[in-house]
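The values are calculated or read from the model by the stated rules, or taken from the named source; none is laboratory data. Given the structure is predicted, the values throughout are model-derived calculations rather than measurements. Here the Cβ positions follow ideal geometry from the backbone for every residue, glycine too, while neighbour counts run over all protein chains shown.
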Amino acid sequence: MSQQKPPKQTGQIQFAPSVYEHAARVIGESPWEVSRSCDLLSQGHIEAFRLYNHCPIVVGIDIYNLEAEAYGAAVDKPAGNGIPAISRHPYGSVKELLGLEPFDPETDGRIPMVLEAGKRVAGKCPQTDVRIPLSGPFSLAANLVGFESLLCEVYTDPDLVAQALKHLVAGQVEFCKEVVRNGLDIAFFESAATPPLISPDNFRDIELGALEEIMAETSAVVGHPVPCIMGGDTLPILDYILRTGTGYVCCPAKTDQQKFMEKMRAHPDVTVRINMDPGGLTSKNFDDVKKEVDRVLALAENRRNVCIGTGCLPYEANPDMVLKAREYILSRDTQQNV
């Protein structure tokens with residue numbers, strides 16, 4: 001069984017950039033080409049790790065598309081270096097999801113290719129934690145029926161949506177089991193379910209039951225509490241997220257990070273990844289990056305279980321700027337601990 005590998009205990013705050021489509025930039029390829037090739041996908045993430053030494057490595061480019069594509073969604077080739085997106089949703093209503101049979105992770109879509117790429121990355125980077133992205137039920141439902149359709153049904157038939165989300169859990173747990181059978185771990189993402197996309201009350205009444213179920217079942221499969229990664233304005237739903245028993249949460253750049261971290265003082269054993277605004281990493285002005293690093297480090301002050309992240313690292317981010325940010329974070333943290 002795959003076990004969670006803790007960050008190296010160096011006494012320093014860890015820098016944990018979220019490298020997805022940026023792995024394509026590192027090897028000079030387009031996100032589309034890398035997302036469709038086992039060789040390029042593994043190469044991109046291996047090279048990104050050699051650059052940034054980040055943990056975990058999440059093997060993927062368009063991380064929310066995998067399961068929906070395995071269920072029949074169409075993902076079209078974007079122009080230039082755009083991120084692949086779903087162009088056709090395979091189902092027209094939430095009700096159709098109730099009869100959906102789980103996809104086969106050994107044969108369907110790109111799942112087998114991504115698992116193979118993950119094993120190659122793990123073989124080349126044995127000192128770190130290699131994970132396969134797994135979508136939460138609300139994010140998956142949004143990709144299966146379309147986000148607008150799902151939101152309409154959240155308001156017209158919330159009980160049906162809640163039932164459909166719970167129905168999707170079984171398939172995701174089977175996917176998780178296949179990941180573990182391949183010697184890998186999972187990274188759990190559920191950003192479609194966060195405010196302002198849905199209200200905190202909708203989150204509690206429609207999403208939370210399925211979220212608690214999938215977090216409990218996948219944690220049992222992998223043998224440790226699964227990190228619950230959700231972007232957006234998560235402060236209004238933070239108490240609900242913590243109810244899942246997760247040991248790792250994200251403090252997104254788009255929430256009130258000061259109040260988020262104040263609330264987390266009551267949960268010192270939960271690791272918090274505080275995300276920088278990644279926009280500065282696409283510029284040539286390192287002073288802006290330093291100011292952002294200083295701001296985030298101030299939020300992390302005196303917390304034991306904490307790391308600094310970037311949100312989704314843009315394809316356009318300059319690797320040299322990312323490396324400078326990493327070096328500055330480590331140097332500032334060293335100075336603070338002298």
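Filtered by the rule that a residue be assigned to a helix (DSSP H, G or I) and of a type in the set (A, V, I, L, M), the stretch 89-122 gives Val94, Leu97, Leu98, Ile111, Met113, Val114, Leu115, Ala117, Val121, Ala122.
Out of Pro268, Pro227, which single residue is over 19 Å from Ala193 (Cα atoms) and out of contact with any helix residue (DSSP H, G or I) (no Cβ under 9 Å at 6 or more places or on another chain)? Answer to the check: Pro268.
In the stretch 1-23, the residues that are surrounded by 17 or more Cβ atoms within 10 Å (Cβ to Cβ) and at pLDDT below 50 reach residues that are among the charged types (D, E, K, R) and not in a loop (DSSP other than H, G, I, E, B) with C-beta atoms within less than 6 angstrom, at least six apart or across chains, in these pairs: Ser2/Asp185. Restricting attention to the stretch 190-201, the residues that are assigned to a helix (DSSP H, G or I) and either touching a Ser or Thr at 6+ places or on another chain (Cβ under 8 Å) or modelled with pLDDT under 95 (or both) total 3.
Residues in the stretch 287-321 that are among the basic types (Lys, Arg) and in a helix (DSSP H, G or I) were compared, and the one that is nearest to Ala253 (Cα to Cα) is Arg295.
Of the candidates Ala253, Ala266, Ala317, Ala298, the single residue that is at pLDDT 90 or above and in contact with a strand residue (DSSP E or B) (Cβ under 7 Å, 6 or more places away or on another chain) is Ala253. Among residues that are outside any loop (DSSP other than H, G, I, E, B) and surrounded by fewer than 21 Cβ atoms within 10 Å (Cβ to Cβ), Lys284 is not included. A search for C-beta distances below 9 Å between a residue of the stretch 248-262 that is among the charged types (D, E, K, R) and any residue that is in a helix (DSSP H, G or I), counting only pairs 6+ apart in sequence or on different chains, returns Asp256/Leu235; Lys259/Leu235.
Within the stretch 172-189, the set of residues being touching an Asp or Glu at 6+ places or on another chain (Cβ under 9 Å) and in a helix (DSSP H, G or I) comprises Gln172, Val173, Glu174, Phe175, Cys176, Glu178, Val179. Would a scan of the stretch 136-152 turn up a residue that is assigned to a helix (DSSP H, G or I), in contact with a strand residue (DSSP E or B) (Cβ under 7 Å, 6 or more places away or on another chain), at pLDDT 95 or above and farther than 20 Å from Ala85 by Cα? No: zero hits. Scanning the stretch 70-90 for residues that are more than 21 Å from the chain's Cα centre (by Cα) and of a type in the set (Gly, Ala, Ser) yields Gly72, Ala74, Ala79, Gly80, Ser87.
For Phe286, the conditions (1) touching a strand residue (DSSP E or B) at 6+ places or on another chain (Cβ under 8 Å); (2) at pLDDT 90 or above are fulfilled apart from (1). Under the condition of being touching a residue at least 12 places away in the same chain (Cβ under 8 Å) and surrounded by fewer than 15 Cβ atoms within 10 Å (Cβ to Cβ), the residues counted in the stretch 66-80 number 3.
Return yes when Arg120 is within 17 Å of Ile61 (Cα to Cα), buried (at least 22 other Cβ atoms within 10 Å of the Cβ) and at pLDDT 95 or above and no when it is not. Answer is no for this residue. Entry remark, the stretch 251-269: residues being assigned to a loop (DSSP other than H, G, I, E, B) and either surrounded by 14 or more Cβ atoms within 10 Å (Cβ to Cβ) or hydrophobic (A, V, I, L, M, F, W, C) (or both) number 7 in total.
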